[in-house]
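A.B. asks: This is the structure, below, for whatever I ask next.
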Amino acid sequence: MERFRARWSWLDAAIVAVAGGLGAVSVVLGPSSGGGATEWVLVGTAAVALGLVRHVPLIVFAVEVVLTLIGDSVLPEGSHVAPLAGVVALGAVAYRHRWLATAAAYLVGYATILVAFGSDDGGLLTGVDGLVRIVTLALTVAAPVAFGRYLAGVRLAAAVAEERVRDAEQRRDAEMQAIRLAERARIAGDLHDLVAHHVSAIALQAGTAQYAATHAPDPEQRLSVAVDSLGAIHTSAGQALVDLRSLLRVLRNPSEQESLVDPEQMIADAVQRSRTAGLHVVAHLDDGTAEAPLTLRVTAARVVQEALTNALKHAGPGAEVETTVDVDDTQLSVEVANSGPVGPHPTLPASGHGLAGMRERVEILGGTLAAGPTRTGGWRLRVTLPLGARS
């Protein structure tokens with residue numbers, strides 16, 4: 001009962017009121033059927049039943065068919081209210097149910113109308129005129145069916161359109177989420193590439209100064225090492241600020257990226273900082289590299305930066321590092337190899353992004369990355385980038 005009350009609405013009450021009002025007008029103003037109170041009961045029952053047509057159209061249609069047959073049998077002139085209510089219910093059946101139930105309801109309704117007409121005197125359904133009336137009645141009963149099916153099609157089309165809009169919105173949200181995640185990953189990679197090398201150099205220089213301050217044999221040497229280390233720290237920190245400002249400009253206006261990036265200078269700066277931090281770096285840069293696509297050159301520079309940063313972290317000052325960047329007709333290749341640790345050095349935490357970030361950058365461009373220990377205890381990294389990769 002509570003569920004039914006929740007489903008009942010003012011629209012159902014309005015349907016009952018309108019149907020009852022039209023029925024009362026037809027009884028009062030129409031030709032007298034001679035039914036008296038019986039006619040009023042049939043009109044009221046038909047109107048009240050129609051209030052449920054939105055919820056149980058098949059049951060309401062069946063009730064209206066029964067009321068039509070009862071009215072035709074007990075009222076001398078019949079009643080038009082129940083048949084009209086049955087037509088409305090038939091349209092609701094066509095709107096709410098599939099073709100099988102709709103066809104069955106149509107046949108029942110059509111048969112009911114034929115029975116009602118056939119019971120009248122005067123041979124209304126005989127002869128040529130009778131055949132015309134039979135066809136007209138068939139089309140008349142089919143009209144609410146056609147209208148109900150049309151509304152059902154409109155509803156289905158609207159539901160499909162709404163579902164498509166919802167799917168499109170979900171795809172758009174998923175795409176935007178993927179774009180945001182990719183952008184966050186790109187920013188994280190750029191920050192790592194730009195800052196990690198500087199911070200690693202600063203940490204190693206600070207460790208060197210601290211070690212010299214406590215282990216150098218004389219005060220003059222301690223002061224000299226400390227001054228040199230502080231100068232290197234100052235240079236690395238200043239360059240880190242410059243690179244961060246450049247990155248911020250690119251993030252605000254991505255179109256500036258190409259004008260701000262000089263891959264060969266990036267490699268030269270990384271080599272110089274590594275030498276200042278204590279690595280013995282030998283760099284070989286093929287002159288033909290400048291003719292390679294910018295994206296490949298930038299990726300090569302990032303790889304060199306990260307490889308030198310890892311050498312600073314894991315091999316430490318005094319290690320020998322050989323860096324080679326060359327290009328041929330098919331690919332640009334980068335190789336960075338270090339000799340391994342040559343003595344104690346400050347332990348720097350791993351970022352967890354270095355090798356994985358390099359591999360991701362390289363694979364996006366269709367390249368390969370191989371890294372592993374050497375027989376002498378060092379580490380070698382080799383990257384190849386096909387020249388057919390997008391620039």
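The values are calculated or read from the model by the stated rules, or taken from the named source; none is laboratory data. Values in this document were obtained by computation on a predicted structure and should not be read as measured data. Cβ placement follows ideal geometry from the backbone for every residue including glycine, while neighbour counts extend to all protein chains displayed. Keep in mind that these areas ignore ligands, DNA and RNA; they rest on the heavy atoms of the full protein, side chains included. Shrake-Rupley method; radii C 1.70, N 1.55, O 1.52, S 1.80 Å.
A.B. asks: Skipping prolines and chain starts, which residues have an amide H placed within reach, meaning under 5 Å, of the one on Leu332, given they are 5 or more residues away or on another chain?
C.D. replies: Sorted by chain and number, the residues that satisfy this are Leu385, Leu387.
A.B. asks: Let me ask another. May I ask you to compute the full-extension gain from Leu75 to Gln265, defined as 0.36 nm times their residue separation minus their alpha-carbon distance, rounded to one decimal in nm?
C.D. replies: 57.9 nm
A.B. asks: If we count every other residue with Cβ under 15 angstrom of Gly20's Cβ, Lys/Arg +1 and Asp/Glu -1, where does the sum land?
C.D. replies: Net local charge, Gly20 excluded: -3.
A.B. asks: What is the spin-label model distance, in nm, from Ala157 to Leu11 if the labels are put 7 Å beyond Cα along the C-beta direction?
C.D. replies: For Ala157 paired with Leu11, the spin-label model returns 2.0 nm.
A.B. asks: Tell me, what HN-Hα J-couplings in whole Hz come from the Karplus equation 6.51 cos²θ - 1.76 cosθ + 1.60 at θ = phi - 60° for each residue of region 161-170, using x for Gly and Pro?
C.D. replies: 4, 5, 5, 5, 4, 5, 5, 4, 5, 5
A.B. asks: Let me ask something else. Got a sec? What order do Glu39, Glu320 fall in by accessible area at 1.4 Å, biggest, i.e. largest, first?
C.D. replies: So the residues, ranked largest to smallest area, are Glu320, Glu39.
A.B. asks: Ranked from highest to lowest mean number of other Cβ atoms within 10 Å per residue, what is the order of the peptides 364-376, 50-62, 275-287? Provide the component values of the computation, followed by the final result.
C.D. replies: Working: 364-376: 13.2, 50-62: 20.2, 275-287: 17.2.
Sorting 364-376, 50-62, 275-287 by mean packing, highest first, produces 50-62, 275-287, 364-376.
A.B. asks: Provide the FRET efficiency to the nearest 0.05 for the Thr384-Ala237 pair, computing r from the beta carbons and using R0 = 51 Å.
C.D. replies: Once rounded, the FRET efficiency stands at 0.90.
A.B. asks: Ok, one more. Rounded to the nearest 0.05, what FRET efficiency is calculated for Arg149 and Glu363 with R0 set to 56 Å and r the Cβ-Cβ distance?
C.D. replies: My answer for the efficiency is 0.50.
A.B. asks: Can I ask one more? Starting from the Cα of Glu322, move 7 Å in the Cα-to-Cβ direction to define the label point; list residues of region 274-303 whose amide nitrogen is under 12 Å from there.
C.D. replies: 282-284
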